[in-house]
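Before any comments, here is the structure.
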Amino acid sequence: MDEKLRKYWKEEEACAHILGWDFSHIEGRYEEGQDLPWDYDRIVRSHLTHQMRILDYDTGGGEYLLSLRHPFELTCATEGYAPNVELCRKTLLPLGIDLRECRDPSRIPFPDRSFDLILNRHGSFDPPELYRLLKPGGTFITQQVGSLNDRDLVARVLPDLELPFQDHDLEHQRRAFEAAGFQILQTGESFRPIRFMDIGAFVWFARVIEWEFKGFSVDRCFEDLMEMHREVKEKGFIQGTTHRYLIVAGRAYD
């Protein structure tokens, strides 16, 4: 039985790749709390007008950006993950969206004061660079994954792993935006449950989110995975905790 599980989990490990931000491979096998105390999409749309020039930094596959149906000639995007860059070249460039490859959030290849609105969901950012890019009166909106995201799950398989992004929380980042000259318009922070009903789904997830589960593998963590499997058999799931925070920041008029 143990070796059958190892074989199954290693198959999940081997196929742990995504384009954009597509978790359909484990759909129905895990649940992630989406009932945040804010609605990112509603907040974005409340700030967006058709006349604005906008940038979606770290756009992934461009899925959310396209859902806004913003005029393509006023829409820009960056992406740094090579498979997603190729995907965006096929989906965004033919529409007339200005796509730039960018891996450094401190050096975004657009001129000063280029944008009325900059969006960033679960991507990298650098407050002084965002301030440079925004027009006076412009706005930056981000929903972020906090430093404590999935840490209870990480501890079950990699108990000695250090926290990788220690300042990724609302209080640290609020101060960073204020230091860069921004006015804080809205904030939020939330911790919600995440559940896996199948350890194979957890293996796939841990391999995809490799920056959180650094060094994870089925072979290295097999005994811990077996313990988690027994818990699933008993309770129907294993549970962890997600960490999200929101910042809406504005550049004042000169």
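Of the residues making up the range 218-238, none is assigned to a strand (DSSP E or B) and either more than 26 Å from residue 14 (Cα to Cα) or at pLDDT below 95 (or both). If residue 164 satisfies every condition in (1) under 28 Å from residue 64 (Cβ atoms); (2) modelled with pLDDT of 95 or more; (3) touching an Asp or Glu at 6+ places or on another chain (Cβ under 9 Å); (4) not polar (S, T, N, Q) but one, which is the exception? Of everything listed in (1) under 28 Å from residue 64 (Cβ atoms); (2) modelled with pLDDT of 95 or more; (3) touching an Asp or Glu at 6+ places or on another chain (Cβ under 9 Å); (4) not polar (S, T, N, Q), residue 164 misses just condition (2). The sole residue among 181, 137, 215 that is surrounded by fewer than 22 Cβ atoms within 10 Å (Cβ to Cβ) and in a strand (DSSP E or B) is 137. Residue pairs whose Cβ atoms lie under 8 Å apart, separated by 6 or more positions or on different chains, with the first residue in the range 110-134 and of a type in the set (S, T, N, Q) and the second in a helix (DSSP H, G or I), are 114/133. Scoring residue 34 on the criteria (1) assigned to a loop (DSSP other than H, G, I, E, B); (2) farther than 30 Å from residue 195 by Cβ leaves a single failure, condition (2). Give the residue that is surrounded by the most Cβ atoms within 10 Å (Cβ to Cβ), with candidates limited to residues of the range 58-112 that are among the acidic types (Asp, Glu) and farther than 14 Å from residue 19 by Cβ. Across the range 58-112, the extreme among qualifying residues is 58. Within this structure, residue 174 fails the test of being crowded, with 16+ Cβ neighbours inside 10 Å and part of a strand (DSSP E or B).
Test residue 199 against the criterion of being touching a helix residue (DSSP H, G or I) at 6+ places or on another chain (Cβ under 8 Å) and crowded, with 16+ Cβ neighbours inside 10 Å, and give yes or no. Against the criterion (touching a helix residue (DSSP H, G or I) at 6+ places or on another chain (Cβ under 8 Å) and crowded, with 16+ Cβ neighbours inside 10 Å), residue 199 qualifies.
Please state which one of 181, 215, 188 is under 30 Å from residue 236 (Cβ atoms) and of a type outside the set (A, V, I, L, M). Exactly one of 181, 215, 188 is under 30 Å from residue 236 (Cβ atoms) and of a type outside the set (A, V, I, L, M), namely 215.
Condition check ((1) of a type in the set (Ser, Thr, Tyr); (2) touching a Leu at 6+ places or on another chain (Cβ under 9 Å)) across all residues:
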residue	(1), (2)
60	no, yes
69	no, no
75	yes, yes
79	no, yes
91	yes, yes
95	no, yes
98	no, yes
108	no, yes
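Considering the range 35-48, the residues that are of a type outside the set (Asp, Glu) and touching a residue at least 60 places away in the same chain (Cβ under 8 Å) include one that is nearest to residue 122 (Cα to Cα), namely 40.
For the range 37-50, the candidate set comprises residues that are assigned to a helix (DSSP H, G or I) and among the charged types (D, E, K, R); within that set, the residue that is surrounded by the most Cβ atoms within 10 Å (Cβ to Cβ) is 41. All of (1) farther than 28 Å from residue 116 by Cβ; (2) surrounded by 18 or more Cβ atoms within 10 Å (Cβ to Cβ); (3) of a type in the set (S, T, N, Q); (4) out of contact with any His (no Cβ under 9 Å at 6 or more places or on another chain) hold for residue 241 with one exception: (2). Can you tell me which residue in the range 12-31 is surrounded by the fewest Cβ atoms within 10 Å (Cβ to Cβ), limited to those that are outside any loop (DSSP other than H, G, I, E, B) and in contact (Cβ under 8 Å) with a residue 60 or more places away in the chain? It comes out as 31. Among all residues of the range 153-168, there is at least one that is under 30 Å from residue 113 (Cβ atoms) and either buried (at least 19 other Cβ atoms within 10 Å of the Cβ) or touching a strand residue (DSSP E or B) at 6+ places or on another chain (Cβ under 9 Å) (or both).
The values are calculated or read from the model by the stated rules, or taken from the named source; none is laboratory data. Owing to the predicted nature of the structure, the values given are computational and were not obtained by experimental measurement. Reconstructed Cβ throughout: ideal geometry from the backbone, glycine too, with neighbour counts over all protein chains shown.
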